[in-house]
Structure formats: C-alpha cells, structure tokens
C-alpha cells in the first residue's frame with residue numbers, strides 16, 4: 001500500500017488546503033495568454049465553417065452506445081470539413097463574454113483552458129502530411145513543418161501498444177494535446193494538476209463521440225515516449241509538455 005499513497009492522495013480533493021493559499025490570480029498577477037502566439041509569416045490554413053451537415057450520425061444516443069476504442073482504420077481520407085468539426089468539438093470556442101472568458105465545446109475548470117492541440121496529419125484531403133497546431137480563437141490550422149517518414153515517427157513516439165502493435169501509424173490523424181500548466185496554476189495553484197487531468201478527459205471523450213458521428217473511430221493513447229513527443233513538437237517539457245494522444249481514422 002505504501003508505494004501508492006502519494007498518487008492516491010493526488011486523486012483526492014484538497015480544496016481545504018487550497019483555501020489557505022494566495023494564488024497568483026489573487027495577487028493581481030496578469031493571467032497568462034490563453035493561446036500560444038505565432039509569427040506574422042506563419043502559414044495558416046483556413047478551416048471550413050462547422051456544420052451539422054458534416055455528420056453521418058446525429059443521434060447522440062447511438063454515438064454513445066456504439067463508441068469504442070478503434071484500432072483498425074480504412075485507407076479513406078478524413079475530409080477538411082470533418083477535421084474542422086473534430087477540432088471544434090474538442091476545443092472550439094462557442095462564445096466569449098465581456099471579460100474575455102472563452103466558452104468552449106468542452107468543460108474546463110475556471111475556463112483556464114491549459115491545452116494546445118497538435119496534429120500529425122497523415123491522410124486528410126487538401127492537406128499535406130506534416131505537423132500542425134490548432135488555433136481555436138481563429139479556427140484555423142497553423143502549419144508547423146513537414147515530417148518525413150511520418151509513419152515511422154508515429155511508431156517511435158507511441159511505443160509498444162499492448163493490443164494492436166503499430167496501429168497509430170495507420171490512422172489518418174494523430175491528435176497530440178499538450179498542457180501549459182501555469183494557465184491553470186495561476187488560478188488554482190496546487191489543485192490545478194488534478195483539474196488538468198480531469199479536463200483532458202473531457203476533451204478526448206468529445207473526440208470519441210464526434211468521431212463516431214462522422215463514421216470514424218478514435219483510440220486514446222496513454223502509452224507514449226514523453227521526451228520524443230515533446231522534442232518533436234518543440235516543447236520544453238516543463239512550461240509545456242505532452243499530456244495525451246489519440247489516433248483517429250475512418251472505420
């Protein structure tokens with residue numbers, strides 16, 4: 001039991017301790033940016049307006065009932081309309097209030113939204129293979145760089161999957177979410193980290209259900225090479241690091 005104590009404690013609510021802490025938000029320190037900046041000469045990809053016409057199954061009951069972790073994919077490409085919908089379903093902004101707080105398609109503790117969405121694109125119509133980042137405010141893609149031998153790179157970072165080896169390299173898209181913890185720590189201090197893990201679960205579940213509604217399948221990936229993924233995306237591993245992956249492809 002002893003070796004589990006620290007991690008089990010992390011799973012519990014420590015709000016009583018939190019109430020005794022003066023957070024950076026309470027100190028009047030400026031809130032960190034809610035999204036990463038990018039260069040003026042960056043290559044941006046306009047995403048189509050999201051529409052329910054993209055769905056092939058709009059019955060939420062059926063989507064929940066039929067949702068499974070899918071590790072086998074067809075060679076059919078994901079369309080740009082479908083990708084736009086998946087990104088909107090996982091981090092899309094649906095409203096912004098007068099204080100500048102963004103409301104999104106997924107719940108998030110205190111609307112702190114600590115995540116960045118990166119994509120390893122392998123088979124999406126109208127997009128070249130490579131690495132992209134989603135810009136939720138603009139609802140656009142930022143092209144980061146081409147990735148030679150993308151299937152091999154995916155194998156390297158997803159390690160030995162226990163049920164179907166190397167399944168991720170056949171997916172049309174590999175979603176990679178990073179977290180910038182201080183976005184949540186600014187408001188929640190030591191309680192932020194449990195909230196971050198809860199919130200990323202909301203994000204991935206929306207991807208599962210949204211994929212189901214367009215005839216695609218998703219499989220979340222918690223077994224990955226932390227250092228290799230962070231290095232691939234240019235993350236420093238401290239202020240920003242990978243927290244979750246998910247493969248998506250047509251069934």
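Values quoted throughout were computed directly from the atomic coordinates according to the rules given, and no laboratory measurement underlies them. Quick caveat: nothing in here was measured; it's all calculated off a predicted structure. Because the Cβ atoms are built from the backbone with ideal geometry, glycine has one as well, and the counts that use them run over all protein chains shown.
Numerical summary
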| quantity | calculated |
| --- | --- |
| Extension gain, residue 126 back to residue 15 (0.36 nm per residue minus Cα-Cα distance, nm) | 35.2 nm |
| Among 241, 15, 143: highest mean-square fluctuation, GNM of the chain, C-alpha pairs under 10 Å | 15 |
| Equivalent ellipsoid semi-axes, the chain, via Cα gyration tensor eigenvalues times 5, rooted, Å | 29, 22, 19 |
| Isotropically averaged projected area of the range 1-85, using the convex hull of Cα atoms (one quarter of hull area), nm² | 13.2 |
| Cα centroid of the range 187-251 to Cα centroid of the range 1-49, whole Å | 14 |
| Taking 93, 29 and counting other C-beta atoms within 10 Å, the order from fewest to most | 29, 93 |
| Extension gain from residue 53 to residue 197, taking 0.36 nm per residue of separation minus the Cα-Cα distance | 48.6 nm |
| Shape category assigned to the range 173-251 from the gyration tensor of Cα positions, a/c cut at 1.5 | oblate |
| Three-way shape call for the range 96-197 based on the alpha-carbon gyration tensor, with the a/c threshold at 1.5 | oblate |
| Separation in nanometres of the label points that stand 7 Å from Cα toward Cβ, at residue 69 and residue 46 | 4.0 |
